[in-house]
1. Is there any pair linking a residue in region 72-87 that is among the hydroxyl-bearing types (Ser, Thr, Tyr) to one that is in a helix (DSSP H, G or I), with Cβ under 6 Å and at least six apart or on different chains, and which?
2. Looking only at residues in region 96-114 that are out of contact with any helix residue (DSSP H, G or I) (no Cβ under 9 Å at 6 or more places or on another chain) and within 13 Å of ligand 1 (Cβ to nearest atom), which one is nearest to GLU23 (Cα to Cα)?
3. Working carefully through the options PHE110, PHE102, find the one that is surrounded by 18 or more Cβ atoms within 10 Å (Cβ to Cβ) and within 20 Å of THR39 (Cβ to Cβ).
4. Under 8 Å between Cβ atoms, which residue pairs at least 6 apart in sequence (or on different chains) link something in region 88-100 that is farther than 20 Å from ARG10 by Cβ with a partner that is among the β-branched types (Val, Ile, Thr) and away from ligand 2 (no atom under 16 Å from the Cβ)?
5. So, in region 45-80, how many residues would count as being in a loop (DSSP other than H, G, I, E, B) and surrounded by 14 or more Cβ atoms within 10 Å (Cβ to Cβ)?
6. Given the options ALA66, ALA53, ALA93, name the one that is over 22 Å from HIS34 (Cα atoms), within 15 Å of ligand 1 (Cβ to nearest atom) and not polar (S, T, N, Q).
7. Within region 11-70, which residues are more than 18 Å from SER89 (Cβ to Cβ), within 16 Å of ligand 2 (Cβ to nearest atom) and touching a residue at least 40 places away in the same chain (Cβ under 8 Å)?
8. What single numbered condition from (1) in contact with a Phe, Trp or Tyr (Cβ under 9 Å, 6 or more places away or on another chain); (2) exposed (fewer than 14 other Cβ atoms within 10 Å of the Cβ); (3) not β-branched (Val, Ile, Thr) fails to hold for LEU42?
Amino acid sequence: MSDGGCLFCRIAKRTVPSDIVGEADGLLAFRDIHPQAPTHLLIIPTEHVPSLADVSGAHTTLLGNAMQFANRLARQYQLGSGYRIVVNSGAQAGQSVWHLHFHLLGGRAFQWPPG
Ligand code: 5GP
Ligand code: ZN
């Protein structure tokens, strides 16, 4: 699947600039343009997957790799005291970009339940 009009596909293809911090196993990590924490990275598959609701067994390795990538980035950014991974799936959950992404947030305390 590919989507030439998708913002995060364009970031993955480097046709839209972003602050890329890492790449691994079909995944890209870059800084969120409106950070909600001192460290706020987005981890995306370089292939177009619209949302978590669209993943299937074909994505099992990709999803596992994404969590390991997040773990490595958390170590790199010294988030050992705690970090949060967020996936907003669907409009009601607040998804605004329709290309699967994992928010990696850290560097401050977080509340529960989330807003
Ligand atoms: P969502 O609301 O879909 O869970 O998250 C989308 C995220 O993408 C938001 O946190 C938003 O700040 C970020 N974002 C939107 N447009 C851009 C952009 O052009 N560049 C970057 N780096 N982040 C973006
Ligand atoms: Zn896309």
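1. TYR83/ALA74
2. Going through region 96-114, the residues out of contact with any helix residue (DSSP H, G or I) (no Cβ under 9 Å at 6 or more places or on another chain) turn out to be 96, 103, 105, 107-114.
If we keep only those that are within 13 Å of ligand 1 (Cβ to nearest atom) as well, we get 96, 103, 105, 114.
Details: SER96: 23, HIS103: 15, LEU105: 18, PRO114: 29 Å.
Selected residue: HIS103.
3. Testing whether each residue is surrounded by 18 or more Cβ atoms within 10 Å (Cβ to Cβ) and within 20 Å of THR39 (Cβ to Cβ) leaves just PHE102.
4. none
5. Filtering region 45-80 for residues in a loop (DSSP other than H, G, I, E, B) gives 46-51, 55-56, 77-80.
After this cut, where a residue has to be surrounded by 14 or more Cβ atoms within 10 Å (Cβ to Cβ) as well, the list is 46-51, 55, 77, 79.
Number satisfying all stated conditions: 9.
6. Answer to the check: ALA53.
7. Correct list: ALA29 only.
8. Going through (1) in contact with a Phe, Trp or Tyr (Cβ under 9 Å, 6 or more places away or on another chain); (2) exposed (fewer than 14 other Cβ atoms within 10 Å of the Cβ); (3) not β-branched (Val, Ile, Thr) one by one, LEU42 breaks only (2).
All of the numbers you see were taken from the coordinates with simple rules; none came from a lab. Please read all numbers here as calculations on a predicted model, not as lab measurements. Don't worry about glycine lacking a Cβ; one is built from the backbone with ideal geometry, like all the others, and counts go over all protein chains shown.
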